[in-house]
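S.K.: Mind having a look at this structure? Questions to follow.
Values in this text are rule-based calculations from the coordinates and carry no lab data. Bear in mind that the values here come from a model prediction, so they are computed numbers and not experimental data. Here the Cβ is made from the backbone with ideal geometry for all residues, glycine too, and neighbour counts use every protein chain on show.
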Amino acid sequence: MKKYLIAGLLVWLPLAITIWVLHSVLGLMDDVFGSILSASQAVLPEGARESLETLRKIPGLGVVVMVAGLLLTGVFAANMVGQWALRQGHVLLNNIPIVKSIYSSVKQVSDTLFSSSGNAFREAVLVQYPRNGSWTIAFVTGKPGGEAAIHLSGDYVSLYVPTTPNPTSGFFLMVPRHDVIALQMSVDEALKYVISMGVVAPPVHQAPAEPRNQPG
């Protein structure tokens, strides 16, 4: 009986987690859409409010509206008029106290992560952490910058070491490039490896590199 219970669990657990994640994402988008409708009702006449309340009851409409809004925003941002308007918006937000510190930080991170020309989270590596002889998977997020780079001589890389099984938290490291081993596995494969606690091993793309001895 234990064998059959485990077999059934292996069938339903991935499906249940997938449904839960999708349900959470769709619920979040519906909540955002509902908040927009609630804000709109405060400035619209009574007849229009009833129509908006009817829209709120349509399941999944929030997802459709949010996706359409993102597509329209992308089209707007891709032309010259839209780029000019966005620059003016950035200038305005960067001149508002408190708001500018939050907005500028989030924008720098998002531009780095999603830029097609950037290197953030496009390379998985092996690094010795938290001590010599103990290896873990990390992701290259770029190179050290600012004051930190002034005090680091040589070729250094910035690494994000995710925790298991929740990769959304982790540690930020700056280490010499020669102390990390580049992996042929993709970022998606490396994330699956981390999340599964090493159970789901990605295929070997080439002969594994020999571990390097840490100096000292």
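S.K.: If I take R0 = 45 Å and measure r between the Cβ atoms of Val204 and Leu70 in this structure, what FRET efficiency does the formula 1/(1 + (r/R0)^6) give, to the nearest 0.05?
M.R.: Between Val204 and Leu70 the formula returns 0.75.
S.K.: As an exercise, use a Förster radius of 30 Å and the Cβ-Cβ distance of Val25 and Ser101 to find the FRET efficiency, rounded to the nearest 0.05.
M.R.: 0.60
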